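Worksheet: one structure, shown below.
Laboratory data are not the source of any read-out in this text; all were calculated from the coordinates shown. Nothing here was measured: the structure is a model prediction, and the numbers come from that model. Here the Cβ is made from the backbone with ideal geometry for all residues, glycine too, and neighbour counts use every protein chain on show.
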Amino acid sequence: MFLLIGGNSEIGAATARRLRARGERLITTTRRAVHLAADEAFLDLDRLPDDWRPPAGVTAACVFAAIARLAACEADPTGSHRVNVTRTLALAEKLMAEGVYTLFLSTNQVFDGTRPHIPADAPHSPVSAYGRQKAAAEATFKRWIGEGAAVGILRLAKVVSPQMALLRGWRRSLTAGEPIQAFADMRMAPTPIALVAEAIGRMLEDRSPVVAQLTGPEDVSYAETARFIAEEVGANGDLVQEGRAVDNGMPKGAVPLHTTLDSSYLAERYSLETPGPWIVLRAIVGS
């Protein structure tokens, strides 16, 4: 049985749907203490009880819960460090003590973004508070992997879905003939959420002690993405007004030159590869 910590997050919920569709048994945790379903359990990672233990029968777990917004981590480095590092590692230790394989979701933000397709074993070089926190947690997980513990790391970058508020808003505005602003200095290598959910499921099944990565193969700017959406919906491309994130108060780490990661491990082991950005975005916009 699988345990999804923070299973009501967007990626967590997508993974839960994927696993249930395959007939897997699982439990998700939530910070919402009321109206729990039969396969839900309450857990607030920021207030992890000393006596917390995973439900009986759990063999593998994935940690989705985190404070992942760059601005939130910059605004409250102490509180976000407590959740993203201290509490996450404490949770992982409790899971490991019960023999539960633990998959830690990390980010391209552990690197500075100066190199494309950066390999999984490259040294950390974070520039944001969020990246430093994830790198700190990763350091312990990597030590555990070296010691033979049943843990793994999966690094992701921009995960996109038909529910992504930014893209939905752009599509709605452009279809209505309304102008939008998109940053030319922000980039992404979009990865479809269904592919991410599949990768997580495969890694939970295999219980492999590995550092894996999954991103799209190519970076595109947010401005290029907006113009592509305009073309897809038949809107005038002039409705897309370019701006710069650095001029709009975006936090450190928001404008890496590259967000792509070397994703060859998952491609070779599971034949999981992210298509090019326009294929991914066309599917998102069309849905």
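List of remarks:
- Check: region 133-287 dipole with +1 on Lys, Arg Cβ and -1 on Asp, Glu Cβ, in debye: 440 debye
- For the pair Arg244 and Ala97, label points projected 7 Å from Cα toward Cβ lie 5.2 nm apart.
- Over all pairs of different C-alpha atoms, the chain has a mean inverse distance whose reciprocal, the Kirkwood radius, equals 19.6 Å.
- Extension gain, Thr78-Glu273: 0.36 nm per intervening residue step, less the Cα-Cα distance, totals 66.6 nm.
- When region 188-287 is described by a simple charge dipole with +1 on each Lys and Arg Cβ and -1 on each Asp and Glu Cβ, the residue from Gly249, Pro275, Ala223 located farthest towards its positive end is Gly249.
- Divided by 2.2 N^0.38 Å, where N counts the residues, the Cα radius of gyration of region 70-178 comes to 1.31.
- Taken along the Cα-to-beta-carbon direction at a fixed 7 Å, the label points for Ala176 and Ala139 span 4.8 nm.
- Mean residue ellipticity (222 nm) of the chain, computed from DSSP H runs ≥ 4 via -39,500 (n - 2.57), nearest 500: -11000 deg cm²/dmol
- Arg69-Asn8 pseudo-label distance in nm [points 7 Å out on the Cα-to-Cβ vector]: 1.8 nm
- Chain lengthening between Arg168 and Ala184 when straightened (0.36 nm per residue, less Cα-Cα): 3.9 nm
- Hull-based mean projected area of region 1-113, where the convex hull spans the alpha carbons, in square nanometres: 8.0 nm²
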